Amino acid sequence: MSPKGFFTGVLVGVGLTIASPAQAGWFGNSQGGAYFPQGAASFADTVISYTLGSGNVPLAYRGAFNALGVPNYAGVSSCSNQLSCTFCSLGDGGSLVLRFDDNRLTGSGDSSPDLYIFEVGPAVESTFVDISMDGVVWYSVGRIQGSTRAIDIDPFLISYGLTPAHQFAYVRITDDPAETAGTPAGADIDAVGAISSVLSSASVPEPGTLGLLGLGLVGLFLRLRRAQKM
């Protein structure tokens, strides 16, 4: 194998992935949307917990994974099974905790929306929204009600002594148990997106890591060159 081939093979073998620039754009479902500067990376990636509330919530509507990724509700509110659903119903007083893996929610430093909750159905049911940096300490960022889906988290950050520099990986959505109408019961969540968002450090290798990797690869390359001259 030539030094060039060996060098390329090492790069592939270590599985180094450098995040490409996010493709910004408008994301939404049949009930509305918003512009997300970080594109598809803006949306929640992992379900941490799902606590079903009371009321009538058929099994088909309980797929918490349907709240992950980009919004995809197209106006069909009837589901035969969880795989055919595009949203997750919380039930009255139920809650859902999601995590951003490749990005983090931040404030914008102004009055523009920072967080968008994509709910489905003829009317947005009231929910309480909390955010967290570590999944342990939570900060309330208000209550979504009526037709309001976007949240400006900056006023709340100020009240907690926080700034737009703080980064939040977790979002908790809790249905308001005072509203008990409809089937399925509770809020129906299609997606959760961070409008004000930065890529997480896990998505982009640290400069120090890249430097050490580069030194190691150079060393391997030089050793191979010496071995070929012997």
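The values are calculated or read from the model by the stated rules, or taken from the named source; none is laboratory data. Because the structure is a prediction, the values reported are computed rather than measured. Don't worry about glycine lacking a Cβ; one is built from the backbone with ideal geometry, like all the others, and counts go over all protein chains shown. To get the accessible areas, we keep the full protein, side chains included, count just its heavy atoms, and leave off ligands, DNA and RNA. Shrake-Rupley method; radii C 1.70, N 1.55, O 1.52, S 1.80 Å.
Data table
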{"quantity": "Members of the stretch 110-152 that are over 17 Å from the mean Cα position of the chain (by Cα), over 19 Å from Pro71 (Cα atoms) and among the aliphatic types (A, V, I, L, M)", "calculated": "Val136, Val137"}
{"quantity": "The stretch 89-104 - residue that is farther than 19 Å from Pro58 by Cβ and touching a helix residue (DSSP H, G or I) at 6+ places or on another chain (Cβ under 9 Å) and, of those, surrounded by the most Cβ atoms within 10 Å (Cβ to Cβ)", "calculated": "Asn103"}
{"quantity": "Residue match in the stretch 140-148 (condition: among the charged types (D, E, K, R), modelled with pLDDT of 95 or more and in a strand (DSSP E or B))", "calculated": "no"}
{"quantity": "Inter-residue pairs, beta-carbon under 7 Å, first among the β-branched types (Val, Ile, Thr) and in the stretch 39-63, second open to solvent by 60 Å² or more (accessible area, probe 1.4 Å), 6+ apart", "calculated": "Thr46/Arg99; Val47/Phe65; Ile48/Arg99"}
{"quantity": "Residue tally, condition aliphatic (A, V, I, L, M) and touching a helix residue (DSSP H, G or I) at 6+ places or on another chain (Cβ under 6 Å), over the stretch 32-50", "calculated": "1"}
{"quantity": "Of the criteria (1) modelled with pLDDT of 95 or more; (2) assigned to a strand (DSSP E or B); (3) over 21 Å from the mean Cα position of the chain (by Cα), which one Pro155 fails", "calculated": "(2)"}
{"quantity": "Residue list for the stretch 131-180, filter: farther than 21 Å from Phe118 by Cα and crowded, with 22+ Cβ neighbours inside 10 Å", "calculated": "Leu157"}
{"quantity": "Thr86 vs. criteria outside any strand (DSSP E or B), under 24 Å from Ala185 (Cα atoms) and among the β-branched types (Val, Ile, Thr)", "calculated": "yes"}
{"quantity": "Out of Ala74, Ala44, Ala64, sole residue that is open to solvent by 10 Å² or more (accessible area, probe 1.4 Å) and farther than 18 Å from Ala185 by Cβ", "calculated": "Ala74"}
